[in-house]
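None of the figures in this text is laboratory data; all of them are computed from the coordinates on show. Source: prediction; values computed, not measured. Cβ coordinates were reconstructed from backbone atoms using ideal geometry, including for glycine residues, and neighbour counts include every protein chain displayed.
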Amino acid sequence: MRFRNCFIPLAVFRGRQFAILFFLLYVQIWVLCLMHNSSWTDSGTLHMQQDVTKSSKHVHYFSNRVWKEKSKRLILVWTPIFMQWFWTDTLQKQMSECACDCSVTSDRSRIKEADAVLFHIFDLWFWLGLPTYRDPRQVWVVWWAEPTTRVWPDLRRFRYTFNWTMNYRRDSTIEAPFAVAVPLTKDEKKDRANWYNLEFPTLIKRKINNVSITNSDCYDEVQRYRLVEQLREHVPVDFYGRCGNLSCPRDNEECTAKLRTYKFMIQFENSYCTDYVSEKYWSSLFAGSIPIVNWKRQQQSYPVIKHSYINIFDFADMKSAGEYIKKVATNNTLFKSYFKWTTEYKVTKSGIWAQFCNLCDALHDNKRPAQVIRDLQAWVEDDTCQKGTPWAFLERRINRHMFDLGF
């Protein structure tokens, strides 16, 4: 049997070490189960009124609407983000770049002033609580950027609690993609055409390496490590990050410059969820590299840029994908064709924070109907991938350990 860099030494399976491992595994399961069942109660639940005019699968709409006439909207951040409060300042800075006027605070004493109360779905735990005050002219917004497979808190207690969802999914109340491609203006097209025709050879000269991947999440649902190993059988791949054998510190200028020398960047997503196209794809475009992706059909419903990427699932097998990648790498004309899109489009609103301008815009939209999410759990589960659970969390680790042991 061929062993890889094992996460669990074989000696661990002997005597006292095995007992310690078993105990730690037991504690981990116990903690995960506790957290899975400790989402806050429905103390903030909105009681349904009798003026519902229509309903969709997951949303109830109301005929009456009471909205404060204000030139500036206040967003109250109620929860931290992964137990940290930095996002209040981050969002406040972002608002200065929005077309509409909004401000952000985490001062809970201003609950009666707030036009929107913002919650991060992963921080809805009992020790934080929900507001005891609720104004019918106020919207409660639940936001997250992770795929459905990572959302494993029990959300059934939040029936008729939140008014808006804010997520990358296109059926969210507030759509929050990781970036947006928009058509260029006539003048912009002229400038980009000059770059494409005259300066592109300079870009090619800088691309002295072929394929790279940077990954520090070694336990994912789709087992990206197996896909990478299959591809490496046909194309050399430089593997950076905690899951690889090469080092590339995050936010390091030297590392960033190094990655920009690659013609291709493997940007495999960790989940096959509806509309889930993360920042990985967009970051490759910014780096002047061709992203190699693993998108299933349900992900391709999201509007990405045509002929800007190579999808391994567009090929009969990994060998065919590898041969095509090598062909593109050695053919400058074919390689250049993957950047033709730059003469037609530009990428804007990149990053998760930029999308909060969409929330600000919505708060100024007086025509937006009043609504409430009937069942947040049902909305999250209405996806092509399975909602996260503690057991799926453990399964990911077991699968990875089996891979490291050669299975």
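Give the shape of the chain as rounded, prolate or oblate, defined through the alpha-carbon gyration tensor: a ≥ b ≥ c are the square roots of its eigenvalues, a/c under 1.5 means rounded, and otherwise the shape is prolate if a/b is larger than b/c and oblate if not. Walk me through the intermediate numbers first.
Details: a/c = 2.17, a/b = 1.24, b/c = 1.74.
Oblate, because a/c is 1.5 or more while a/b does not exceed b/c.
Distances longer than 13 Å among the Cα atoms of the stretch 272-313: what percent of all pairs is that? Numbers along the way, then the final one.
Numbers: 430 of 861 pairs.
In whole percent, the long-distance tail amounts to 50.
In whole Å, how far is the Cα centre of the stretch 95-154 from that of the stretch 241-278?
Here the two parts' Cα centres lie 31 Å apart.
Hey, fewest Cβ within 10 Å first, where do His401, His120 land in order? Don't skip to the answer; put the middle values down first.
Numbers: His401 14, His120 20.
Lowest count first: His401, His120.
For the residues Arg232, Arg170, what sequence is obtained by ranking on other C-beta atoms within 10 Å, fewest first?
Values: Arg232 16, Arg170 12.
Going from least to most buried by this count: Arg170, Arg232.
If we count other beta carbons within 10 Å of each Cβ, what is the order of Met166, Met95, fewest first?
Values: Met166 25, Met95 20.
Lowest to highest Cβ neighbour count: Met95, Met166.
Any idea what log10 I(q)/I(0) is at q = 0.09, 0.10, 0.17, 0.20 Å⁻¹ for the stretch 181-347, Debye with uniform C-alpha scatterers and no solvent?
Rounded to two decimals, the profile gives -0.30, -0.37, -1.11, -1.49.
Relative contact order of the stretch 181-347: what whole-number percent is it, with Cα pairs under 8 angstrom and at least 6 residues apart?
Details: 226 pairs, mean separation 47.1, N = 167.
Relative CO of the stretch 181-347 lands at 28 percent.
Tell me which residues come under 5 Å, amide H to amide H, from Ile290 once H is placed; ignore anything under 5 positions away on its chain.
Phe264, Met265
Any idea what Rg and Dmax come out to for the stretch 155-279 if you just take the C-alpha atoms, in Å?
Rg and Dmax of the stretch 155-279, Cα atoms, are 19.5, 59 Å.
If I model a spin label at Val66 and Arg137 as a point 7 Å from the Cα along the Cα→Cβ vector, what separation in nanometres do I get?
0.8
Would you calculate the separation in nanometres between label points at Arg156 and Asp404, each defined as 7 Å from the Cα along the Cα-to-beta-carbon direction?
3.5
What does the extension gain come out to for Ser320 and Ser96, with contour length at 0.36 nm per residue minus their alpha carbon separation? If you can, show how the numbers build up before the last one.
Values: separation 224, 0.36 × 224 = 80.64 nm, distance 4.80 nm.
Taking Ser320 through Ser96 to full extension adds about 75.8 nm, to one decimal.
Which percent, nearest 5, of DSSP beta bridges in the chain are antiparallel?
Details: 14 of 44 bridges.
That works out to approximately 30 percent antiparallel.
Once the piece of chain linking Ala392 and Thr330 is laid out straight, how much longer is it, given 0.36 nm per residue of separation minus the C-alpha distance between them?
Length gained, Ala392 through Thr330: 18.2 nm.
Using modelled amide H (1.01 Å from N, peptide plane; none on Pro or chain starts), what sits under 5 Å from the amide H of Tyr345, excluding residues fewer than 5 places away?
Leu184
Counting just the Cα atoms, what span does the stretch 330-403 cover along each of its three principal axes? Round to the nearest Å and put the largest first.
54, 52, 21
Would you mind calculating the relative contact order of the chain from Cα pairs under 8 angstrom and at least 6 residues apart, reporting the percent as a whole number?
Numbers: 671 pairs, mean separation 100.9, N = 407.
Result for the chain is 25 percent.
For the chain, what are the DSSP H helices with axial Cα length of 24 Å or more and mean Kyte-Doolittle hydropathy of at least -1.0? Don't skip to the answer; put the middle values down first.
Numbers: long enough: 15-36 (32 Å, 1.53).
Those that clear 24 Å and a mean of -1.0 are 15-36.
What length, rounded to one decimal in nm, is gained on full extension from Asn366 through to Lys340, with 0.36 nm per residue of separation minus their alpha-carbon distance? All intermediate terms of the calculation are to be shown ahead of the outcome.
Numbers: separation 26, 0.36 × 26 = 9.36 nm, distance 3.99 nm.
Taking Asn366 through Lys340 to full extension adds about 5.4 nm, to one decimal.
Hey, with R₀ at 30 Å, roughly what FRET efficiency would Glu254 and Gln298 work out to, going by the Cβ-Cβ distance, to 0.05?
After rounding, the FRET efficiency stands at 0.20.
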